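First the structure, in the form of structure tokens, and then the observations on it.
Values quoted throughout were computed directly from the atomic coordinates according to the rules given, and no laboratory measurement underlies them. Values in this document were obtained by computation on a predicted structure and should not be read as measured data. Cβ coordinates were reconstructed from backbone atoms using ideal geometry, including for glycine residues, and neighbour counts include every protein chain displayed.
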Amino acid sequence: MDEIVYFEYSAGAQAIDPNIYQYKVDGKKVLKIDYPDSNGFIAIHKKNDETEYIKASYMKYKTQKH
């Protein structure tokens, strides 16, 4: 089974927000990144029991076998 190990996204149009934000599953801050749900949201599970949901115009993720 493949797991997402790295995720990057841009929140807005290039002219408004040219920054690309990144999350990496490191086991310290980010424990797990879920595949997009049926509405296109990716869930990022953090160590402090927080879950951040992201849906953006640009999303890219890298997977590896678990």
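Values for this structure:
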| item | result |
| --- | --- |
| Debye, to nearest 20: dipole size of segment 1-60, +1 on Lys, Arg Cβ, -1 on Asp, Glu Cβ | 180 |
| Which of Tyr9, Ala43, Gly27, positive extreme of dipole for the chain (C-beta unit charges) | Gly27 |
